Amino acid sequence: MLAELLGRLTGWIQWPPPDTDRNRFLFRLTFPLATVAAVYVLVFALASGGWLPYVVAVILLVIAGMTGIGLLLMRAHREELARLEAAELARGT
């Protein structure tokens with residue numbers, strides 16, 4: 001609901017993300033970086049005992065989760081299009 005509201009306000013936010021080469025590159029780059037950064041900050045938070053590193057680690061985990069879900073949605077969309085295209089070719093011949 002929030003993404004839909006923001007999409008109406010700005011006109012450029014879309015979820016699920018469109019399956020473009022640029023989005024795939026950015027999501028494939030962001031997912032491992034955010035995961036590694038989240039683990040690093042979480043280890044630091046456990047060692048230091050401060051609350052701010054925990055907040056940063058949770059934010060990084062949310063970013064990693066969102067990019068992972070986006071990658072899965074883009075893959076599912078790509079596979080569905082390939083399946084429909086194969087069915088169309090099989091029906092046409």
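Annotations for the structure displayed:
- Scanning the range 27-37 for residues that are without any contact (Cβ under 8 Å) to a residue 40 or more places away in the chain and either of a type outside the set (A, V, I, L, M) or over 12 Å from MET66 (Cβ atoms) (or both) yields a count of 7.
- Members of the range 57-86 found to be more than 17 Å from ASN23 (Cβ to Cβ) and surrounded by fewer than 16 Cβ atoms within 10 Å (Cβ to Cβ), listed by number: VAL58, ILE59, VAL62, ALA82, ARG83, LEU84, GLU85, ALA86
Conditions (1) within 19 Å of PHE25 (Cα to Cα); (2) assigned to a helix (DSSP H, G or I); (3) within 13 Å of the chain's Cα centre (by Cα); (4) not aromatic (Phe, Trp, Tyr), marked per residue:
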residue: VAL55; (1), (2), (3), (4): no, yes, no, yes
residue: ILE63; (1), (2), (3), (4): yes, yes, yes, yes
residue: THR67; (1), (2), (3), (4): yes, yes, yes, yes
residue: ARG75; (1), (2), (3), (4): yes, yes, yes, yes
residue: GLU79; (1), (2), (3), (4): yes, yes, no, yes
residue: ALA87; (1), (2), (3), (4): no, yes, no, yes
residue: ALA90; (1), (2), (3), (4): no, yes, no, yes
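- For the range 1-35, the tally of residues that are loosely packed, with under 15 Cβ neighbours inside 10 Å, modelled with pLDDT of 80 or more and assigned to a helix (DSSP H, G or I) stands at 8.
The values are calculated or read from the model by the stated rules, or taken from the named source; none is laboratory data. These numbers come from a predicted model, not from an experiment. Backbone-built Cβ (ideal geometry, glycine too); neighbour counts: all protein chains shown.
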